[in-house]
Amino acid sequence: MQTVGEGNIAKRFLDLLAGEQRALFNQYPEELLEERKSGPIILNLPHEPYLKYLASINTVPRDDAFNVLFLGPTGAGKSRLINLLMDYDICPSSDSANSVTSQVQVLKTQGFVGSHRRTINLIDTIGYKIIKYLFAKIFKSA
């Protein structure tokens, strides 16, 4: 299960987890800990990317930024779409239907909303199938 911050859902859910499962809460699986190199996806893009990547942040700040939440089934291309909007390979993604995203990731970007440049937080989530699998596995062992 992936959550952002210390919300009510995380607190209630943690009460249901055993010690070993609790240690895995919001952690990367070992195979995803490899070092990735970020960079432009399309070299010599004829125009500016739609969104400019600023930083990866841990929580969604409470400011006047727009928040865009990407939801969908596992392997649908949520992370890839975020990368293409920024023309920057920052979110792990692959060309298969298997899950790559293992935790919620919040990316602070800048882009135009109307004619005004604004901060836009892109929130990349794990897919529905993985959530269903994790819930089934956790509640079966409880």
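The values are calculated or read from the model by the stated rules, or taken from the named source; none is laboratory data. None of the values given here were measured: they were computed from a predicted structure. Using ideal geometry, Cβ is built from the backbone for each residue, glycine included, and neighbour counts are taken over all protein chains shown.
Restricting attention to segment 98-116, the residues that are in contact with a helix residue (DSSP H, G or I) (Cβ under 7 Å, 6 or more places away or on another chain) and in a loop (DSSP other than H, G, I, E, B) total 4. A count restricted to segment 73-97 and to residues that are part of a loop (DSSP other than H, G, I, E, B) and closer than 19 Å to residue 58 by Cα stands at 4.
Within segment 9-18, at least one residue is surrounded by fewer than 16 Cβ atoms within 10 Å (Cβ to Cβ) and either at pLDDT below 65 or in a loop (DSSP other than H, G, I, E, B) (or both).
Does residue 120 satisfy being touching a residue at least 40 places away in the same chain (Cβ under 8 Å), part of a loop (DSSP other than H, G, I, E, B), in contact with a strand residue (DSSP E or B) (Cβ under 9 Å, 6 or more places away or on another chain) and crowded, with 17+ Cβ neighbours inside 10 Å? Taking the combined requirement at face value, the residue does not satisfy it. Within segment 52-77, residues that are among the aliphatic types (A, V, I, L, M) sit with their Cβ atoms under 8 Å from residues that are modelled with pLDDT under 85 and surrounded by 13 or more Cβ atoms within 10 Å (Cβ to Cβ), at 6+ positions apart or across chains, in these pairs: 60/4; 71/128; 76/127.
The lone criterion from (1) in contact with a Gly (Cβ under 8 Å, 6 or more places away or on another chain); (2) of a type outside the set (Phe, Trp, Tyr); (3) at pLDDT 80 or above left unmet by residue 122 is number (1).
Residues in segment 70-84 that are surrounded by fewer than 20 Cβ atoms within 10 Å (Cβ to Cβ) and in contact with a Leu (Cβ under 8 Å, 6 or more places away or on another chain): 70 alone. Of all residues in segment 44-66, those satisfying the criterion of being under 16 Å from residue 104 (Cβ atoms) and of a type in the set (A, V, I, L, M) are 55, 57, 60.
Yes/no per residue for (1) loosely packed, with under 13 Cβ neighbours inside 10 Å; (2) at pLDDT below 85; (3) at negative phi; (4) of a type in the set (A, V, I, L, M):
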| position | (1), (2), (3), (4) |
| --- | --- |
| 59 | yes, yes, yes, no |
| 63 | yes, yes, yes, no |
| 86 | no, no, yes, yes |
| 96 | yes, yes, yes, no |
| 104 | no, no, yes, yes |
| 112 | yes, no, yes, no |
